[in-house]
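Engineer: Below is one structure. I have some questions about it.
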Amino acid sequence: MVKRIAGTSFPWFARALTLAFTVIAGAAAPPLATAAGETSAEFIQTLGKDLLAEMSSAASLDQKEAYFHQMLRQDFDMDGIARFVLGPELRTASPEQQQEFRALLENHIMYSHGRRLAETGGGNFRVTGSRTDPNGVVVVTGEFITPQGTRNEVDVQLGMVDGLYRIQDVAFDNVSMVSSYRSEIASVLASHGGQLEALLTAMREER
C-alpha cells in the first residue's frame, strides 16, 4: 500500500499530475532521440498519442508501471526538477544527499502516481500551439479531455538536455507540477525542523 510522506496532503494535485502523465509520455519503447527536424509541438503530440495507445492496450498493470518509470527517467529532466524542488536546501546538501534526493523524488512520483496512471486508459489529447516565454523557455500548449468529458488546459515546458527534448514542468489549468512538489517538500522539511536528513528518512520509508 502506498503511503504519503508524513505531513503531506495534495489530493487535487495527485489528480492533476495523473492527468499530466497521461498526456505526456512515450511509446511502449520510448525513442532514445528526438527525430531530426521534429518540432516541440510534434514531439508532445506524438508522445501523447503513443501513450494513450499504450494505456488502452492489453499490457498488465505491472508492465504499464514499468513503462511509466522508464518514461520518467528518459523524458523528464529529473536532475533539474530535483534541484528546483529541493530549493534552498540544495546549497547545504552534500553531493550524496543531492543524488539520493533525486532518486527518492523519482520514487515518490512513481509510488504516488504510477499505479493510478496504469489504471487510466482513455481520453483524448491534442496540441493547440506552442510559444516561447519571455525567458526563452519553450511551452507547448494542449487540451486533454477525460473519458467523462472534462476538459483540461495543459502547458508543457520543454528544455534540451544533451541535444534531446526533456520535460521540465507540466501545468494543468495553470497549476505547476514542480512548484507544487516544491511546496510539498518545503512543508515536510518545516515539519521536521528543516533537517534534510529527516526528510530523506521520511522519503525512504515511503510506500
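The values are calculated or read from the model by the stated rules, or taken from the named source; none is laboratory data. Because the structure is predicted, anything quoted here is derived from the model rather than measured. Side chains are part of the model used for accessible areas, which takes the heavy atoms of the whole protein and leaves out ligands, DNA and RNA. Shrake-Rupley method; radii C 1.70, N 1.55, O 1.52, S 1.80 Å.
Engineer: Quick check for you: with a 1.4 Å probe and neighbouring chains kept, what is the accessible area per residue of region 70-205, in Å²?
Structural biologist: 48 Å²
Engineer: Specify, per residue and in Å³, the volume enclosed by the convex hull of the alpha carbon atoms belonging to region 139-207.
Structural biologist: 157 Å³
Engineer: Let me ask something else. May I ask you to give the percent of accessible area on region 63-207 that is carbon plus sulfur, with a probe radius of 1.4 Å?
Structural biologist: Roughly 44 percent, rounded to a whole number.
Engineer: Any idea what the relative contact order of region 40-172 is, in percent, if you count C-alpha pairs under 8 Å spaced at least 6 apart?
Structural biologist: Relative contact order of region 40-172: 26 percent.
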